[in-house]
Amino acid sequence: MTVTDLRPNMDHWQERVDLAAAFRWTARLGMHEAVANHFSLAINEDGTRFLMNPNQRHFARIKASDLIEVDAEDPATMDGPDAPDPTAWGLHGGLHRHCPHARCAMHVHSIHATVLACLADSRLPPIDQNCATFYNRLVVDEGYGGLAFSDEGARCARLLRDPRHKVLVMGNHGVMVIGDTVAETFNRLYYFERAAETYIRALQTGRPLRVLSDAVAEKTAREIEDYPEQAKRHLDELKAILDAEGSDYAA
C-alpha cells in the first residue's frame, strides 16, 4: 500500500493529494519563493469554491489535509483559520470569479519566468520545442499596479478570459499558469520555466536566435497539446518518488 492509498474522511481527497504533491515538487525545484506564492484548484462547477494553500505555509511542508477551502464569493472566508493572505485572495479569488475555465491556477515567482517578466519585451519566441509549446497561448501583463490585492487581482484575471491563453506573464512580477487539472497545470508550469530558461540563456550568448516559423510553432504547440497522458504520467511519477521516500504530502 502506498501513501496515496490512504483516504482520510475529507472531501476532494485525490485532488488534495495531487495539489500537495505539486507544492512539494515546486519547492524541490526551487520554483517557490519563501512562504509566498499560491496554487488553487476549483471544486465546484462555476469555480468559485477552491482549495488553496494556507497562509504562509512553506511549499515543502504542505500536506493534503492542510489545504483550505475558499469561497471567492464570500469575503468572510478571510476570517477563517489559516485564511489566505490578502494577495492570494485578491489574485486567485479574482481569477476563479472571472475565469471559470481556469480550474487550476499556479502562481510563482520562479527565477527564469520572472526574468522574462522583467524584460521590456516579455514575449517568448518559439526558439525550441518547449518554447513553441506556448506559441499563441500566453499573454503578457503590461500594467503591473503593485501587490495583487482585490482590484489588481481582478485586473489580472481579465487578461486570462480568453481560454486559449494558458499562461500570464505578469510583467514586473512573475507568472500565472492555468489548466483543467493539477497535473496539466503543473506540467505546464514546469515546461514554461524550462522554456523561459532556454530563452534567457540563449539571449545571454549574444548570438542570433534560430526562431521557428509561425506555421511550425503552431503545429508543434498543437502536437504537444494532443500528446497522450504526458501531464498525468509526469505527476504520477513525482508522487511515486515522494511515496518511495516516505513523504507525508498525502497525509
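Scanning the range 52-83 for residues being under 25 Å from TRP25 (Cα atoms) and either surrounded by fewer than 24 Cβ atoms within 10 Å (Cβ to Cβ) or in contact with a Phe, Trp or Tyr (Cβ under 8 Å, 6 or more places away or on another chain) (or both) gives a total of 20. The strands (runs of 3 or more DSSP E) found entirely in the range 68-149 that carry 1 or more residues being touching a residue at least 60 places away in the same chain (Cβ under 8 Å) and either under 18 Å from VAL177 (Cα atoms) or among the aliphatic types (A, V, I, L, M) (or both) are 104-108.
Checked against (1) free of Cβ contacts under 8 Å to residues at least 60 places away in the same chain; (2) buried (at least 20 other Cβ atoms within 10 Å of the Cβ); (3) more than 14 Å from ALA132 (Cα to Cα); (4) of a type outside the set (Val, Ile, Thr), ALA244 passes all but a single condition, namely (2). From the list ALA202, ALA157, which one is in a helix (DSSP H, G or I), of a type in the set (A, V, I, L, M) and surrounded by 19 or more Cβ atoms within 10 Å (Cβ to Cβ)? The match here is ALA157. Considering the range 226-235, and only residues there that are free of Cβ contacts under 8 Å to residues at least 24 places away in the same chain and of a type outside the set (Lys, Arg), the residue that is nearest to ARG61 (Cα to Cα) turns out to be GLU229. A single entry from ALA42, ALA27 fulfils the requirement of being of a type in the set (A, V, I, L, M, F, W, C) and within 23 Å of GLU197 (Cα to Cα): ALA27. Checked against (1) crowded, with 16+ Cβ neighbours inside 10 Å; (2) modelled with pLDDT of 95 or more; (3) under 18 Å from the mean Cα position of the chain (by Cα), ILE127 passes all but a single condition, namely (3).
The values are calculated or read from the model by the stated rules, or taken from the named source; none is laboratory data. Remember, predicted model here, so these are calculated numbers, not experimental data. Don't worry about glycine lacking a Cβ; one is built from the backbone with ideal geometry, like all the others, and counts go over all protein chains shown.
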